[in-house]
Every structure is written in structure tokens, then in C-alpha cells.
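Following: one structure in C-alpha cells, then a few remarks.
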Amino acid sequence: MWNKIKKNLSASKIYFVEIFIVFVLFLFFISFIYPLSLTQFTSLSLITLLFLFILLYIIGEKRKLDILEVKSIIESIRKNKFNSAEEIKLTTSLVDLEDEIKSMFLKTRSDIENLKKLEQVRTEFLGNVSHELRTPIFGIQGYIETLLDGAINDPKVNKNFLIKAARHSENLNNLLNDLIDISMIESGEMRMSFRFFDAKEYFEAIINEMKNLSEAKGIPLILGEIRPNLQLFGDKIRLKQVMTNLVSNAIKYTDKGKVEILIVESEKEGRIIVKDTGIGIPESEISRIFERFYRVDKVRTRAVGGTGLGLAIVKHILEAHGTKITVKSTIGEGSEFSFALKK
Ligand code: ADP
């Protein structure tokens with residue numbers, strides 16, 4: 001009993017000062033209105049004290065129950081006992097707190113889910129990276145070992161093996177460069193430098209640099225008409241990366257026909273279109289090709305030396321330009337990747 005009284009009084013101790021002030025004011029007020037004898041004053045003080053003591057006891061009891069209720073709700077949240085926010089119910093006196101606890105519950109739950117997703121993405125990414133690294137490393141290792149085991153003296157294969165090992169090391173290098181770019185983009189370290197640039201001069205230079213690639217495959221690379229003095233706005237270096245990825249994909253996945261780069265002007269922007277007459281992409285895969293390491297035809301993309309990261313980088317860079325990439329494609333007829341830049 002005494003313990004309970006002690007606990008309740010201690011729960012209400014935050015009100016001691018206020019109640020003491022009320023007590024003094026009350027006595028002062030009463031003795032002011034009715035002049036009391038010392039005995040009367042002492043009795044009144046004792047009765048008031050007793051009354052206040054009972055009041056503190058009741059307040060303490062109520063506060064203790066409220067605290068217990070909140071504590072038990074928090075404990076249930078911590079132990080994952082609730083499946084939905086609707087299951088969280090508090091008594092009427094604490095109803096204001098109920099909404100706060102519910103939103104805290106939802107926020108914590110979504111934070112945890114996001115963390116789990118991030119963890120999963122990280123694990124998948126690491127798995128993919130190791131898998132992607134393994135292919136060229138095993139390739140290089142295999143050719144070198146075969147050469148060391150005697151193939152180096154066989155003029156029929158030695159050069160061929162060296163060429164293949166060199167191709168694998170080039171793939172490895174491309175993969176590492178793409179990985180560095182992806183990590184820079186995702187950690188926010190990739191700084192953009194937006195400026196107006198001359199579209200004609202810029203795209204002509206890119207086409208000239210990529211001519212070798214298309215000529216090696218016997219696919220014409222055509223640049224459409226660009227209005228002289230057309231100024232587009234963006235980061236030239238990063239946009240070059242976008243163009244290199246799109247154009248080299250167009251060449252890689254086209255066996256006959258042509259690859260075209262067109263700039264279509266509208267009132268406020270210039271739309272850059274990279275169009276090929278290649279293998280095309282199935283409708284169902286279009287939304288996935290921008291995922292890291294996603295490839296439509298795994299065997300073919302490896303054979304043509306893709307890292308599977310190119311379009312993920314393109315998407316990020318264009319997002320940083322406040323624009324996004326659009327894809328149209330028909331299997332067997334070709335694909336068209338396009339994005340708009342402000343002018
Ligand atoms: P990769 O380095 O493998 O080419 P990307 O991220 O650049 O990786 O492209 C992802 C996938 O999208 C490719 O593996 C390929 O299957 C498909 N793809 C991209 N561009 C084209 C295209 N122009 N024509 C057909 N398929 C394409």
C-alpha cells in the first residue's frame with residue numbers, strides 16, 4: 001500500500017510546485033476573507049493539505065496508467081507485434097498521441113523496409129560485379145596459361161590467343177570505368193557543369209570520333225541536318241558519355257542497315273534521336289534495360305563487349321539534366337533512343 005502511494009506521488013511530482021502555490025494562495029485568500037484563529041488556520045491547512053495529497057495521488061495514478069499504456073504500445077512496436085497502424089489504439093485521454101505514434105510506426109516501418117531493400121540491392125550489386133569481373137579475368141587467365149603451357153610456340157594460335165586476352169582486358173577496363181562512373185553518380189560526387197554549346201560542332205565531333213567503330217562493322221553512321229548556331233544546354237563531357245553509349249549500342253546491336261543521329265528542334269528544346277535498324281528490344285524488356293547489369297540477350301551482349309552498365313549511366317546523367325530517355329523499338333526492325341535538351 002505504502003509502496004503504491006509512494007509510486008503514485010512520485011509520478012505526480014512534476015505538479016508539486018503548482019499544487020504548493022495553489023495551496024499557499026488558497027490559505028492566503030481564505031485568511032484574508034475570514035480572519036481565522038490559529039487553531040482554525042492549522043486545521044484548515046491540514047485539511048487542505050490532505051485534500052491536495054489525495055489529489056496528487058489521483059493525478060499520479062492517472063499519469064502512471066498513461067505512461068504504462070504508452071510504454072506497452074512502444075514495447076509492442078519494438079517487438080513487432082503490430083501488423084498495421086490501425087491496430088495501435090490508445091485511450092481517449094491519449095488520443096492526440098495516438099496519431100503521432102501511428103506515424104512514427106509507419107515511418108520506422110518504411111525506413112526498415114528501405115534499409116532492407118538497400119541491403120538487397122547492395123548484395124545483388126556485389127554479386128553482379130564479382131560475376132562480371134570473373135568472365136574477363138578467367139578469360140585472360142585461361143589464354144595466358146594456355147600460351148605458357150606451350151601454345152606460345154604454335155604460330156597458328158598464339159597471336160589469336162593474345163588478341164582474345166587483350167579483348168578481355170579491354171572489357172575489364174570498360175567495366176571498371178563504368179563502375180567508377182556509377183559509384184560517382186550514386187554517391188553524388190559527379191559534378192555537372194552546365195553550359196550552352198554549339199550543337200552542330202558538338203555532334204559532328206562525336207560522329208567523327210565514332211566513325212571508326214561503325215566503319216569497322218560496315219554500318220553507315222549518319223548525322224542529320226543541324227541548324228547552324230543551334231545552342232543546346234547541358235554538360236558537354238557527360239553528354240558525350242551519353243552519346244557514346246547510345247551510339248555504340250546502336251552499332252553493336254545492328255548487323256545491317258544504318259545508325260542515324262537526328263536533332264529535332266521544337267520551340268524550347270532540341271530532341272536528340274539515336275536511331276538504328278538493328279535487332280530491336282522486346283516491348284516487355286524496355287523498362288528493364290536501364291537497370292544495372294540488365295541485358296536482353298546475355299550471350300550476345302557479352303560477345304559484343306557490353307558491360308550492362310551503359311544505359312544505367314545514361315539514365316542517371318540525363319536525370320541530372322532534368323530530362324529523361326525515351327525508347328521506341330520493334331524486334332527485327334530497330335530501336336530509337338531519344339532525349340530532349342533545353343535550348
Ligand atoms: P551493354 O553494355 O550490355 O550494351 P547497356 O546498359 O548499354 O549494356 O544496355 C543494356 C541492354 O539493352 C543491352 O545488353 C542490350 O540487350 C539492350 N540494348 C541497348 N541498346 C540497344 C539497341 N540499340 N538495340 C538493341 N538492344 C539494345
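The values are calculated or read from the model by the stated rules, or taken from the named source; none is laboratory data. If you're wondering where the values come from, they're calculated on a predicted model, not measured in any experiment. Using ideal geometry, Cβ is built from the backbone for each residue, glycine included, and neighbour counts are taken over all protein chains shown.
Values as computed for the structure displayed
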quantity: Subset tally (residues that are loosely packed, with under 15 Cβ neighbours inside 10 Å and of a type outside the set (Val, Ile, Thr)) for the stretch 82-96; calculated: 7
quantity: Evaluation of Pro155 against (1) in a helix (DSSP H, G or I); (2) at pLDDT 90 or above (one fails), failing number; calculated: (1)
quantity: Qualifying residues in the stretch 1-12 (those that are in a helix (DSSP H, G or I) and touching a residue at least 24 places away in the same chain (Cβ under 8 Å)) - the one surrounded by the most Cβ atoms within 10 Å (Cβ to Cβ); calculated: Ala11
quantity: Residue within the stretch 277-284 that is at pLDDT 95 or above and closer than 26 Å to Phe197 by Cβ present; calculated: no
quantity: Number of the exception - Gln241 against (1) part of a strand (DSSP E or B); (2) more than 11 Å from the ligand (Cβ to nearest atom); calculated: (1)
quantity: Selection from the stretch 193-218 of residues that are surrounded by 14 or more Cβ atoms within 10 Å (Cβ to Cβ) and among the aliphatic types (A, V, I, L, M); calculated: Ala199, Ile206, Ile207, Met210, Leu213
quantity: Only one of Lys79, Lys71, Lys64, Lys116 that is surrounded by 15 or more Cβ atoms within 10 Å (Cβ to Cβ) and either assigned by TED's automatic domain parsing to the domain that holds Phe26 or among the basic types (Lys, Arg) (or both); calculated: Lys64
quantity: Unique match (being closer than 30 Å to Leu147 by Cα, touching a strand residue (DSSP E or B) at 6+ places or on another chain (Cβ under 9 Å) and part of a helix (DSSP H, G or I)) among Leu213, Leu162; calculated: Leu213
quantity: From the options Val259, Val242, Val264, Val247, residue that is in contact with an Asp or Glu (Cβ under 7 Å, 6 or more places away or on another chain), of a type outside the set (Lys, Arg) and in the same structural domain as Leu318 (by TED's automatic domain parsing); calculated: Val259
quantity: Residue check, Asn177 at pLDDT below 95 and in contact with a helix residue (DSSP H, G or I) (Cβ under 9 Å, 6 or more places away or on another chain); calculated: no
quantity: Subset of the stretch 265-290 (residues that are within 7 Å of the ligand (Cβ to nearest atom) and over 27 Å from the mean Cα position of the chain (by Cα)); calculated: Asp276, Gly278, Ile279, Gly280
